[in-house]
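Let me begin by presenting the structure, written as structure tokens, before commenting on it.
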Amino acid sequence: MNQNELEARMRAREWFHSLTLPPGSWAIIRVDGRRFSRFTEPRFDKPFDARFSALMATTAQSLLEELGGRYAYAESDEISVVLPPDFDLFSREVEKLVSISAAVAAAAFTHAAGAPVHFDSRIWLGNTIEDVVDYLSWRQADAARCALNGWCYWTLRENGSSQRDAGRILERTTVADKNELLFQHGVNFNELPAWQRRGVGLWWETYDHPGHDPIRGIDVIARRRRLHVERDLPMKAAYRQLVERLISPPVAD
């Protein structure tokens, strides 16, 4: 068989969608851990473990670096990475972005944890900065809801409730009821570490690094970049203002 004909036949059977993100749109890539409960329950404290949070922060940093993101937000086993309108990685091809982001997350987490995990990935699109702020406010609200439910669920489990009973109890309780449940067991939800209730934010910041120029024999200041990991994020309006400042294009001098 002619090799060129064989190659043409095989390539004709490759199945992919040549879908690209609309030009000028904001994009957020969100990766989620696949079946993470099986991975976390035997290894980490419930409902939260600082070691697991550190692994997610490491994974978020890898995604920021590889994707050229402007801001990343991590809560539970998910990470959202904000990509600005002018990004052109992989020519904005959807299949490339979702496959590579899931692969980067899985590789980074697996390398840091020493045990294999998997992530899936999806893309959210927005037209304006306000759309992006709305998205991140939504994810932070989800973090608070999941944190309250998680604390209640594992408090019930530790006090003898079965999985089914704990689930049924929480189905019938309001937010106020859940806070009272925790309070009765010595837990004040509002005094728990902020990273548990509000998630973790990551962004790049510039700083002045003092140095010395040996040729000219003078002290100099160099502008450098480093990753900032914020475990005490504000909430509601203050969080919206922070996110808007971080993702807005830099103002020219």
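Which number comes out as Rg/Rh for segment 35-128 once both Rg and the Kirkwood Rh are worked out on C-alpha atoms?
Taking Rh as the inverse mean 1/r over Cα pairs, Rg/Rh reads 0.99.
Label segment 96-157 by shape, choosing from rounded, prolate and oblate, from the square roots a ≥ b ≥ c of the eigenvalues of the Cα gyration tensor; if a/c is under 1.5 it is rounded, and otherwise prolate applies when a/b is larger than b/c, oblate when it is not.
oblate
Would you list, by chain and number, the aspartates and glutamates whose Cα falls below 13 Å from the Cα of residue 46, excluding same-chain residues fewer than 8 positions away?
List returned: 158.
Take the alpha-carbon centre of segment 71-133, take the same for segment 140-195, and report the distance between them in whole Å.
One Cα centre to the other: 29 Å.
Taking the Cα centre of segment 30-157 as the origin and placing charges on Cβ (Lys, Arg +1; Asp, Glu -1), which of 71, 44, 126 is farthest toward the positive end of the dipole?
Final value for the positive-end residue is 44.
Give me the number: length gained by fully extending residue 65 to residue 43, i.e. 0.36 nm times residue separation minus the C-alpha to C-alpha distance, one decimal in nm.
5.1 nm
Sorted by average packing, counted as other Cβ atoms within 10 angstrom per residue and highest first, what order do 193-200, 77-84, 229-236 take?
Going by the mean number of other Cβ atoms within 10 Å, highest first, we get 77-84, 193-200, 229-236.
Hey, quick one: spin label on residue 237, modelled 7 Å out along Cα-Cβ, who in segment 129-147 has an amide N within reach, i.e. under 18 Å?
Once the point is set 7 Å along Cα→Cβ of residue 237, 130, 133-134, 137-138, 141 turn out to lie under 18 Å by backbone N, inside segment 129-147.
When the dipole is taken about the Cα centre of the chain, and only Lys, Arg (+1) and Asp, Glu (-1) are charged at their Cβ, what size is it in debye, to the nearest 20? All intermediate terms of the calculation are to be shown ahead of the outcome.
Values: 32 positive and 35 negative charges, 105 e Å.
Here the chain has a charge dipole of around 500 debye.
Karplus couplings for segment 126-132 from phi (6.51 cos²θ - 1.76 cosθ + 1.60, θ = phi - 60°), rounded to Hz, Gly and Pro as x?
Once θ is set to phi - 60°, the couplings for segment 126-132 become x, 9, 9, 4, 4, 4, 5 Hz.
Tell me the label only: which of [x] 14.9; [y] 12.2; [z] 22.3 is mean projected area of the Cα convex hull in nm² as calculated from this structure?
[z]
Can you work out ³J(HN,Hα) from phi for every residue in segment 90-102, in order, using Karplus 6.51 cos²θ - 1.76 cosθ + 1.60 and θ = phi - 60°, giving whole Hz and x for Gly and Pro?
Per-residue couplings from phi come out as 6, 6, 6, 6, 4, 4, 5, 5, 6, 6, 5, 5, 5 Hz.
Between residue 7 and residue 128, what is the spin-label point distance in nm, taking each point 7 Å from the Cα along the Cα→C-beta axis?
Distance between the two pseudo-spin positions: 5.0 nm.
Under the definition of Cα pairs under 8 Å and six or more residues apart, what whole-number percent is the relative contact order of the chain?
Result for the chain is 21 percent.
Want the number for residue 34 to residue 51: 0.36 nm per residue separation, take away the alpha-carbon distance, what's left?
4.3 nm
Using 0.36 nm times the number of residues separating residue 173 and residue 159, minus their current alpha carbon distance, what extension gain do you get?
Net length gain for the segment: 3.3 nm.
So what is the calculated 222 nm ellipticity per residue for the chain, using -39500 (n - 2.57) for each DSSP H run with n of 4 or more, over all residues, to the nearest 500 deg cm²/dmol?
My calculation for the chain gives -15000 deg cm²/dmol from helical runs alone.
Read-outs: derived from the displayed coordinates by stated rules, not from any lab. Just so you know, these numbers come straight off a predicted model, no measurement behind them. Every residue, glycine as well, gets a Cβ built from its backbone with ideal geometry; the counts of neighbours run over all protein chains shown.
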